[in-house]
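First up is the structure itself, then whatever we jot down about it.
The values are calculated or read from the model by the stated rules, or taken from the named source; none is laboratory data. Not measured: the values here are computed from a predicted model. All Cβ positions, glycine included, derive from the backbone under ideal geometry; neighbour counts span all protein chains shown. Accessible surface is based on the protein model in full, side chains and every heavy atom, while ligands, DNA and RNA are left aside. Shrake-Rupley method; radii C 1.70, N 1.55, O 1.52, S 1.80 Å.
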Amino acid sequence: MFSRPAPRSAPASVSNLAREVALPHTPRLLRVQSRLFLSIAAAFLLLALPLALLATTTLRGTIHRTYAERALRESRLIATLPPVRAALEGDAQARAGLNGLMGGYRALLGADYVVVTDRATRRLTHPNPARLGEPMVGGDFQSFLQGRSVTETVQGTLGRSVRAKVPVLAGDGRVLGLASVGFLLPRLGDVFQAVVRVALPWYVGALVLALLLASLLARRVRREMLELEPEQIAGGLLHYRTVLNALEEGVLVVRGGQVHVMNPQARALLGVGGDAADRLPVPLTRLLPAPLLDDPSPESPVPVTVRDRPLLVSVRPAPDGAQVVTLRDLARMRALADELTQAQRYADLLRAQTHEFTNRLHTLAGLLHLGETREALKLIYAQSDRHAAHADAVRALRYVRLAALVLGKYERAAELGLTLTLDPLTALPDHLPPGVLDLIELSVGNLLENAFEALDGQPGGEVHLLIAHDPEGLVVEVRDSGPGVPAPLAATLTQRGVSSKGPGRGVGLALMQARADAVGATLVHDRILDPAGRPWTRFTLEVPL
């Protein structure tokens with residue numbers, strides 16, 4: 001399989017398709033237009049020729065029956081003529097003029113021969129006078145003696161013919177002889193050929209019309225197929241199916257409110273099975289909430305819940321009037337966002353520690369250059385004691401990642417000139433349910449960072465952290481001495497994009513709220529006064545166990 005350039009007459013969409021997909025080349029096959037034309041022509045001939053043969057056979061039989069009935073009718077007419085009856089009863093004068101009389105009747109009736117015989121089947125009339133007196137040959141010679149008329153196809157002295165034999169009866173009912181009118185088969189063949197010659201132009205015309213319609217249909221089919229061959233269409237379809245099935249996102253193609261394309265990932269995300277009730281097309285409202293259709297082209301993805309699974313849904317219009325619906329697993333995206341947030345947080349902590357360590361090194365270098373060895377040692381011991389105190393404080397957290405996070409926040413607070421205090425009552429149980437530790441890490445990191453930003457530029461700012469547990473659950477509490485949450489944002493603070501720090505923010509608390517909802521936790525904030533009367537902003541996360 002290899003690609004070939006699209007023909008010049010092909011529409012622009014074909015050249016675009018050829019640039020996107022390597023279409024199979026089929027050099028040994030006829031084009032679809034030729035194949036369709038030949039198939040329709042062959043089908044017409046296979047159907048028309050037997051019908052034509054059947055029609056001609058039927059026509060031949062009809063002509064044969066018609067002439068047989070005519071021969072019988074005209075033979076009965078001859079059998080009732082008085083001169084015939086008189087000749088058979090022995091009238092010499094009537095017998096002498098009978099052959100000439102029958103010759104006139106033969107010409108009048110258009111028959112090939114008119115024969116009258118006596119009871120012994122000796123001819124009294126015949127087109128060939130030399131045959132007079134000879135017995136009639138061929139066929140049934142008993143029925144007329146019994147008074148019955150017959151029609152038959154026999155080989156006579158003039159050739160093969162269709163004829164009738166009718167008894168000539170006397171006044172008392174005696175059989176005097178027979179009358180026979182016949183038509184030679186060559187005459188019937190001439191009649192048949194004449195009829196066929198009349199019908200042949202119509203048959204040929206029908207054949208030409210069928211071939212013309214086949215050609216027009218083949219051209220139309222090729223245009224509808226974008227000037228492509230069936231093998232190329234099948235190859236392109238398989239390529240696109242492979243791409244759709246390989247995507248991590250679920251994809252739906254919707255036309256007129258009906259889903260016409262659904263890749264396996266979309267079926268898995270929507271919980272759609274493979275039974276007959278879920279065969280395409282299906283209404284989009286049966287798979288996704290109806291309000292989503294009110295705005296078919298949202299500027300940003302919309303979170304929805306389908307069969308207890310949170311999804312992120314986006315709808316985009318396609319050039320052909322269809323709509324492409326993309327589905328993403330919101331839980332997985334939140335997990336990725338959490339991982340990214342944690343990575344950014346660790347990067348900030350490392351940067352803070354690096355900055356603090358660099359400052360200490362510079363201070364130590366300056367003291368050593370000045371010869372102030374005692375001051376240098378004093379600084380080293382103080383720094384060591386501070387780190388040891390922080391390390392002792394975070395041991396109550398039990399979990400290494402959470403302890404490392406809080407330890408890094410100590411460095412971040414020191415860099416900002418703030419005071420971070422870990423409450424002595426902080427403690428965690430030995431075992432936590434799945435997802436709870438991640439929620440605590442996310443909450444501690446976001447709440448402490450928000451508190452640091454709220455105290456930015458405020459001298460002597462303080463932040464207090466408490467992580468404790470009781471029989472009912474866990475409590476994470478972060479207090480800061482900052483100005484608090486602005487009143488207009490208090491009710492919507494945990495919604496995505498809502499932040500007092502301006503546009504582009506408002507992600508951390510929204511992630512916390514979503515993760516808290518997933519485990520049944522609650523996140524609240526308020527303003528409190530300490531025993532000295534100073535106002536504090538408090539964020540509290542309560543996680544049931």
Checklist entry - Given R₀ = 22 Å, FRET efficiency for Arg267-Arg220 by Cβ-Cβ distance, to 0.05? => result 0.05
Checklist entry - Tell me, in nm to one decimal, what length is gained between Thr305 and Ala41 on full extension, where the rule is 0.36 nm per residue of separation less the Cα-Cα distance? => result 89.3 nm
Checklist entry - If the chain between Asp91 and Arg241 were fully stretched, how many nm would it gain, using 0.36 nm times the residue separation less the Cα-Cα distance? => result 43.8 nm
Next on the checklist: Under a crude label model (7 Å from the Cα following the beta-carbon direction), how far is Ile380 from Gln495 in nanometres?
Outcome noted: 5.7
Item to check | Charge context of Val251, other residues only, Cβ under 12 angstrom, K/R +1, D/E -1 | outcome: +2
Checklist entry - For segment 174-185, in order, what is each residue's ³J(HN,Hα) by Karplus, 6.51 cos²θ - 1.76 cosθ + 1.60 with θ = phi - 60°, in whole Hz (x at glycine and Pro)? => result 6, 7, 8, x, 9, 10, 9, 10, x, 10, 5, 4
Checklist entry - Points 7 angstrom from Cα along the Cβ direction at Val175 and Leu53: gap in nanometres? => result 4.2
Next on the checklist: Need the full-extension length gain, Thr363 to Val208, defined as separation in residues times 0.36 nm minus the C-alpha distance. One decimal, nm.
Outcome noted: 45.4 nm
Next on the checklist: Sort His362, His431 by heavy-atom solvent-accessible area, probe 1.4 angstrom, most to least.
Outcome noted: His431, His362
Checklist outcome for this item: Sorted list, accessible surface of protein heavy atoms, 1.4 Å probe, largest first, for Arg515, Arg255, Arg222 is Arg255, Arg515, Arg222
